[in-house]
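Colleague: Sharing a structure below in structure tokens format, with a few things to ask.
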Amino acid sequence: MEHTTLPFIYLALPILIVIFIVDVVRNKRGLQQRILQVGFGVYLLALLDVTLGEIWLPSLPEESIYAQIQLMPLYFLVDIYQTYEMGTFYFINAINLSFYNVLLFVPLGVFLYLLFQLRNGLIATLFLFLASLLIETSQLVLGSNGLIFSRIFDVDDLLLNTTGGVVGYYVTKWIGERIKRR
């Protein structure tokens, strides 16, 4: 079946523009906060593009669509080991994929501290985990319904994304505390 695609960016960008315009009209934020707000909007668009891709139009499920779920924690280590035996290309690709899953949420941790001024690390960690869970669940539901390219719900993505966000949050918090002491 032929699919026409609609990038999520086309759906999210108008919403982000309206939010930004309303904020500018209300004049609630200074320049630094407004720059962070724009950066967060760009990050969200990129996150949607990387994690969900494009909506398939028409969205009629194919007969072969089925949900793929990987619930074994730390299975990515098995993948890395198995690809090591397959050759350098596959091994490097497996490591990169795990690294990118960590890197994907580092900016979200930074934004939680700087833009949203969240100072409780436990709440930040919970938020990061729930954000990752929302993405994985969206991939599962939208993919199994034929609305996006089918992806795997992977518990390792939850762990790696959350780890990246926590690293971003705590590094930013540490730097912020060092700056305040001066």
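Colleague: Please compute the length gained on full extension between residue 89 and residue 180, using 0.36 nm multiplied by the number of residues separating them and subtracting their Cα-Cα distance.
Modeller: Details: separation 91, 0.36 × 91 = 32.76 nm, distance 4.54 nm.
That pair, residue 89 and residue 180, stretches by 28.2 nm at full extension.
Colleague: With all protein chains present, calculate the accessible area of residue 90 using a 1.4 Å probe and round the result to the nearest 10 Å².
Modeller: Near enough 110 Å² of accessible area.
Colleague: Expressed in nm to one decimal, what extension gain is obtained for the pair residue 31 and residue 120 from 0.36 nm per residue of sequence separation less their Cα-Cα distance?
Modeller: Here the answer is 29.5 nm.
Colleague: Let me check I've understood the local charge: for residue 173, count other residues with C-beta under 14 angstrom from its C-beta, Lys and Arg +1, Asp and Glu -1. What total comes out?
Modeller: After counting each charged neighbour, the total is +3.
Colleague: Also: Counting Lys and Arg as +1 and Asp and Glu as -1, each charge on the Cβ, what is the dipole of the range 23-182 about the Cα centre in debye, to the nearest 20? Display every interim value, and only then the final one.
Modeller: Working: 11 positive and 12 negative charges, 311 e Å.
Dipole of the range 23-182, to the nearest 20 debye: 1500 debye.
Colleague: Okay, next question. Counting only protein heavy atoms and a 1.4 Å probe, tell me what percentage of the chain's accessible area is made up of carbon and sulfur.
Modeller: Values: 8090 of 11590 Å².
In the chain, the share of accessible area belonging to carbon and sulfur is 70 percent.
Colleague: Using the heavy atoms of the protein chains alone and a 1.4 angstrom probe, what is the accessible area of the range 37-182 per residue in square angstrom? Walk me through the numbers before you get to the answer.
Modeller: On the way: 8700 Å² over 146 residues.
Per residue, the range 37-182 has an accessible area of 60 Å².
Colleague: Find the Cα radius of gyration of the range 118-167, compare it with 2.2 N^0.38 Å by division, and give the number to two decimals.
Modeller: Values: Rg = 12.4 Å, N = 50, 2.2 N^0.38 = 9.7 Å.
Cα-based Rg divided by the globular estimate yields 1.28.
Colleague: What does the convex hull of the Cα atoms of the range 75-119 come to per residue, in Å³, rounded to a whole number? Don't skip to the answer; put the middle values down first.
Modeller: Details: hull volume 2.7 nm³, N = 45.
Per-residue hull volume (Cα only) is 61 Å³.
Colleague: Turning to a different aspect of this structure: By accessible area of protein heavy atoms, probe 1.4 Å, what ranking do 163, 83, 125 get, highest first? Don't skip to the answer; put the middle values down first.
Modeller: Values: 163 70, 83 20, 125 45 Å².
Ranking 163, 83, 125 by accessible area, largest first, yields 163, 125, 83.
Colleague: Gain in length, residue 145 to residue 10, computed as 0.36 nm per residue apart minus the alpha-carbon separation, to one decimal in nm? Please report the intermediate quantities before stating the final value.
Modeller: On the way: separation 135, 0.36 × 135 = 48.60 nm, distance 2.06 nm.
46.5 nm is the gain from fully extending residue 145 to residue 10.
Colleague: Given the options 116, 99, 89, which has the most mean-square fluctuation in a GNM of the chain, springs set between C-alpha atoms less than 10 angstrom apart?
Modeller: So, out of 116, 99, 89, the one fluctuating most is 89.
Colleague: As I understand it, the value is the acute angle between the Cα axis of helix 155-181 and the longest principal axis of the Cα atoms of the chain; what does it come to in degrees, rounded to 10?
Modeller: In the chain, helix 155-181 runs at an angle near 20 degrees to the longest axis.
Colleague: Could you give the angle, 0 to 90 degrees to the nearest 10, between helix 8-26's Cα long axis and the longest principal axis of the Cα atoms of the chain?
Modeller: 10 degrees
Colleague: Right, next: Kindly provide the pair-distance distribution of the range 99-182 built from C-alpha pairs, with 5 Å bins from 0 and whole-percent values in order of increasing distance.
Modeller: 3, 17, 22, 20, 15, 10, 7, 3, 2, 1, 0
Colleague: Taking only Cα atoms, what is the 0 to 90° angle, nearest 10, from helix 31-51's long axis to the longest principal axis of the chain?
Modeller: Taking Cα atoms only, the helix is inclined about 0 degrees.
Colleague: Please report the net charge: other residues with Cβ closer than 15 Å to the Cβ of residue 52, K and R +1, D and E -1.
Modeller: Details: positive: 151; negative: 49, 54, 136, 154, 157.
Residues close to residue 52 contribute a combined charge of -4.
Colleague: In the full protein assembly as shown, how much of residue 86 is accessible to a 1.4 Å probe, in Å² to the nearest 10?
Modeller: Here the residue's solvent-accessible area equals roughly 120 Å².
Colleague: Still on this structure, I have one more. Can you tell me the alpha carbon radius of gyration of the chain divided by the globular rule-of-thumb value 2.2 N^0.38 Å?
Modeller: Numbers: Rg = 18.9 Å, N = 182, 2.2 N^0.38 = 15.9 Å.
The chain yields a ratio of 1.19.
Colleague: Right, next: Roughly how many Å is it from the Cα centre of the range 79-129 to that of the range 139-171, as a whole number?
Modeller: 10 Å
The values are calculated or read from the model by the stated rules, or taken from the named source; none is laboratory data. Not measured: the values here are computed from a predicted model. Every residue, glycine as well, gets a Cβ built from its backbone with ideal geometry; the counts of neighbours run over all protein chains shown. For the accessible areas, the whole protein counts, side chains as well, though only heavy atoms, and no ligand, DNA or RNA atoms are used. Shrake-Rupley method; radii C 1.70, N 1.55, O 1.52, S 1.80 Å.
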